[in-house]
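Report on one structure; see the data block that follows.
Nothing in this text is a laboratory measurement; each read-out follows from the coordinates by a stated rule. Remember, it's a predicted structure, so these values are computed and weren't measured experimentally. Quick reminder, even Gly has a Cβ in these numbers, built from the backbone with ideal geometry, and neighbours come from all protein chains shown.
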Amino acid sequence: MNEKVDIEIARRKLTVDIEGFTPIEINALAQKVDEKIKEIAAENPTIADSSKLAILTALHFAADISRLKEARDTETRAMEHKVEELCLSLQTALAERK
């Protein structure tokens, strides 16, 4: 069981427990979320509803995660292709030695 951590995001205090994260990591995540909410609030001064700001913030983080996943998948495919090329080169080289 993880330790419960008191955090504050957008002037709201919460007690959270996130599996696999230390209290320091949770506080760092909370700080990132708080900073992102402030950034989005500054970019959208007409939005006063904190729940809308929270949804926009979640959407921004989801977009970041999606871009990172896409980049990782692209890198994985490139590495797999390179491994296939190297295997083919090795097979060709070994066949020529016979």
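Cα-Cα over 22 Å: which of 32/69; 13/52; 38/69? The pairs that break the limit, which is 22 Å between Cα atoms, are 38/69.
Dividing the helix sum by the residues of the chain, where each DSSP H run of 4 or more adds -39500 (n - 2.57), gives a mean residue ellipticity at 222 nm of -25500 deg cm²/dmol. Once R0 is set to 35 Å, what does the formula 1/(1 + (r/R0)^6) return for the Cβ-Cβ distance between residue 86 and residue 22, expressed as a FRET efficiency to the nearest 0.05? Rounded to the nearest 0.05, the efficiency is 0.30. With each label modelled as a point 7 angstrom along the Cα→C-beta vector, the residue 55-residue 31 pair spans 3.0 nm. What the phi angles of the stretch 17-32 give under the Karplus curve with 6.51, -1.76 and 1.60, with θ = phi - 60°, is a coupling list of 9, 10, 3, x, 10, 7, x, 5, 5, 4, 4, 5, 5, 4, 5, 4 Hz, glycine and proline written as x.
If a/c stays under 1.5 just call it rounded; otherwise compare a/b with b/c (prolate if a/b is bigger, oblate if not). Do that for the stretch 34-98, with a ≥ b ≥ c from the square roots of the Cα gyration tensor eigenvalues. Prolate.
Here the residues 90, 29, ranked from fewest to most Cβ neighbours within 10 Å of their Cβ, fall in the order 90, 29. Length gained on full extension, residue 42 to residue 4, computed as 0.36 nm times the residue gap minus the Cα-Cα distance: 10.6 nm. Express the relative contact order of the chain as a whole percentage, based on alpha carbon pairs under 8 Å and six or more residues apart in sequence. RCO, the chain: 17 percent. For the stretch 5-69, the gyration tensor built on C-alpha atoms gives an oblate shape. Its axis ratio a/c (a ≥ b ≥ c) is at least 1.5, and a/b is not larger than b/c. Across the stretch 45-51, computed HN-Hα scalar couplings (Karplus, 6.51 cos²θ - 1.76 cosθ + 1.60, θ = phi - 60°) run x, 7, 8, 9, 6, 5, 5 Hz from first to last residue, x flagging Gly and Pro.
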